[in-house]
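Could you have a look at this structure, given as structure tokens, before my questions?
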Amino acid sequence: MKKALKNTLVLLVIGAMLFLLTGCGKKNEESKEEDKSSEEQKAEFSIGKWEDDVYTNDFLGLKFNLPEGWKRYDKEEMAKIMNVGSELLNDDQKAAAEISKLNSAYYMMVNDPSTGSSIAVMSEKSTMDYTTEFYISQLKGQLQSVSSIKYTIEGTSKEKVGNIECDSLTVSATVSGVKTIQKYYIYKIDKYFIAIIATSKSGGEASISEMMENFQ
């Protein structure tokens, strides 16, 4: 179980390194207007919550049912990934206020210990008014520039996650001799790009489609 979790985490950390748009370009007037309403956005921002095996995040518009046999990352693990104190995540309001300031934030991570498949939900703040299509194009380039793993671009499409329209990117890579399929579902809320990253080490895209059915 620990090995599967570690292998999954490696892929997720690589994924986190891909989200670098915050350093691109200068602020335009629209982004300045977004800054004026930052307090309102912070009030709406939420890291979501787990109740039994159901994760809900009204800010993201997502609800996720944990599949049988899957494990979710606890608050201590999530805090470690975001490099914040674990005690912060025990106070929902304080956590939302602090995490909303981060360039990249993680909301939820789950994995199947028996297969190494996983799902992560994260966001990145952008200072520019980029489209999701542009974001996907940058993501392609970042993935192909990763030297430790050779990614192959399989294609892009528009798909729904629950009731949310997303631009998606499908890639494949061979990790430790195992072919892995990874799919990125991207949508935007205010100045936040939301990324749902689904990784399958068995079953390919069919497996990912089945995993994504747990979103509502």
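Each value in this text was obtained by applying a stated rule to the coordinates, not by laboratory testing. Predicted, not measured: the structure shown is a model, and the values here were computed from it. Neighbour counts are summed over all protein chains in view; Cβ atoms, including those assigned to glycine, are modelled from backbone coordinates with ideal geometry.
Mind listing which trypsin sites (Lys or Arg not before Pro) in region 140-169 are in a DSSP loop and have 16 or fewer other Cβ atoms within 10 Å?
Those that pass, being in a loop and sparsely packed, are K150.
State, to one decimal in nm, how far the label point of M128 lies from the label point of W50, with both points 7 Å from Cα in the Cβ direction.
Placing both labels 7 Å beyond Cα along the Cβ direction yields 3.7 nm.
Among D74, D52, which comes first, second and so on when ranked by fewest other beta-carbon atoms within 10 Å?
D52, D74
I want the local charge near A173. Using Cβ-Cβ distances under 9 Å, sum +1 for each Lys or Arg and -1 for each Asp or Glu among the other residues.
Result for the neighbourhood of A173: +2.
Quick one: of K101/K158; K101/K125; K101/K191; K80/K140; K49/K140; K80/K183, which pairs are farther than 20 Å apart, Cα to Cα?
Those over the limit are K101/K158; K80/K140; K49/K140; K80/K183.
Shifting gears a bit: Please get the size of the charge dipole for region 40-193, origin at its Cα centre, with Cβ charges of +1 on Lys and Arg and -1 on Asp and Glu, quoted in debye to the nearest 20.
560 debye
Also, I was wondering about something else. Can you pull out the GluC sites (Glu not before Pro) in region 140-206 whose DSSP state is coil and whose Cβ has at most 15 other Cβ atoms within 10 Å?
Nothing satisfies the criteria.
Give me the distance in nm between label points sitting 7 Å out from Cα along the Cα-to-Cβ direction at A97 and S202, one decimal.
It is 4.6 nm.
So between E159 and E68, what do we pick up on full extension, going 0.36 nm a residue minus the alpha carbon distance?
30.3 nm
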